[in-house]
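Below: one structure, written as structure tokens.
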Amino acid sequence: MAAGYRTGIFSGKITFYWAREEPAIAQSWQPVIRCKEAAHSEEHEVAGGLMSSVTDHIQGIAEILSECLNRAEQEARRPEQGAGSPPPEQYECPEAS
């Protein structure tokens, strides 16, 4: 069964936090981001490199993360549009294959 498993692109919203000093990491994820609808992905640039962004610059990423969590909480409290409809299915993006 595992040998026949095929991955797909996650259909929910994805929030990316990119280290400003390492743009190649953000660039490497662009094929995935291009496969998402604009409303289903969000990108934030944070100060520092991969490790220093969560050590030396933790306050900056904490503020951005807090804003994102607050917004997600507000969105979750809104009445659902299309309640009762099935969840979106996973799909595959030709660029990511």
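For the reader, a short list of remarks on this structure follows.
- Scope region 1-16; condition within 11 Å of the chain's Cα centre (by Cα) and either charged (D, E, K, R) or within 16 Å of R71 (Cα to Cα) (or both); matching residues: G12, K13, I14, T15, F16
- Residue within region 11-24 that is at pLDDT 90 or above, among the hydrophobic types (A, V, I, L, M, F, W, C), surrounded by 15 or more Cβ atoms within 10 Å (Cβ to Cβ) and in a helix (DSSP H, G or I) present: no
- Scanning region 21-44 for residues being farther than 22 Å from A76 by Cβ, touching a helix residue (DSSP H, G or I) at 6+ places or on another chain (Cβ under 8 Å) and without any contact (Cβ under 8 Å) to a residue 40 or more places away in the chain gives a total of 1.
- Region 37-50 - residue that is open to solvent by less than 80 Å² (accessible area, probe 1.4 Å) and of a type outside the set (A, V, I, L, M) and, of those, nearest to E22 (Cα to Cα): G49
- Sole exception among (1) part of a helix (DSSP H, G or I); (2) surrounded by 11 or more Cβ atoms within 10 Å (Cβ to Cβ); (3) at pLDDT below 90 for S53, by number: (3)
- For region 25-50, residues that are part of a loop (DSSP other than H, G, I, E, B) and over 14 Å from the mean Cα position of the chain (by Cα) total 4.
The values are calculated or read from the model by the stated rules, or taken from the named source; none is laboratory data. Every value quoted in this text rests on a predicted model; they were computed, and no experiment measured them. Every residue, glycine among them, receives a Cβ derived from its backbone with ideal geometry; neighbour counts consider all protein chains shown. What goes into the accessible areas is simple: the full protein's heavy atoms, side chains included, and nothing from ligands, DNA or RNA. Shrake-Rupley method; radii C 1.70, N 1.55, O 1.52, S 1.80 Å.
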